[in-house]
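Enquirer: This is the structure I want to talk about, given as structure tokens.
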Amino acid sequence: MLWIQVKLLLLVLMFLNIIFLFLGVFLHSAAAIILVVPIVMPLVLSVGIDPVHFGLVMVLNLMIGLLHPPMGMVLFVLARVAKLSVERTTIAILPWLVPLLGSLIVITYVPSMVLWLPRLVY
């Protein structure tokens with residue numbers, strides 16, 4: 001029974017990562033939060049995900065989505081500031097997506113790394 005709950009938790013976290021990465025590419029972060037959080041928060045709470053952990057995972061996903069091609073808004077801002085083409089900026093950003101996605105995986109599936117400070121304070 002416990003194994004089924006753990007698998008469900010991991011599946012929900014993976015699903016939320018995919019959804020928020022996709023939304024982060026096409027929507028502004030505030031709009032994505034306002035639209036999606038009221039819908040998924042009951043699911044998050046029922047599965048047993050800590051709201052602080054969920055918030056951090058969500059914000060990191062949306063931030064990566066803002067940097068991710070083809071429609072990441074920060075990508076266009078970086079290209080304009082650096083006075084480079086969007087294609088060249090995309091090529092420069094791609095190596096940085098690997099550690100960002102790696103840290104996202106660690107933060108998503110090792111919640112004790114995220115929650116040690118809030119648990120210490122509260």
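Enquirer: Which shape class applies to the stretch 1-45: rounded if a/c is under 1.5, otherwise prolate when a/b exceeds b/c and oblate if not, where a ≥ b ≥ c are the square roots of the Cα gyration tensor eigenvalues?
Expert: Note, shape of the stretch 1-45 comes out oblate.
Enquirer: Hand me the trypsin sites (Lys or Arg not before Pro) from the stretch 15-122 located in a DSSP loop with no more than 15 other Cβ atoms within 10 Å, in residue order please.
Expert: Qualifying residues, ordered by number: Lys83.
Enquirer: Assuming R0 = 25 Å, what is the FRET efficiency of Lys83 and Ser103, from their Cβ-Cβ distance, to the nearest 0.05?
Expert: My answer for the efficiency is 0.30.
Here, each number is a calculation from the coordinates, and none is a lab measurement. Just so you know, these numbers come straight off a predicted model, no measurement behind them. Positions of Cβ are backbone-derived with ideal geometry, glycine not excepted, and every protein chain shown enters the neighbour counts.
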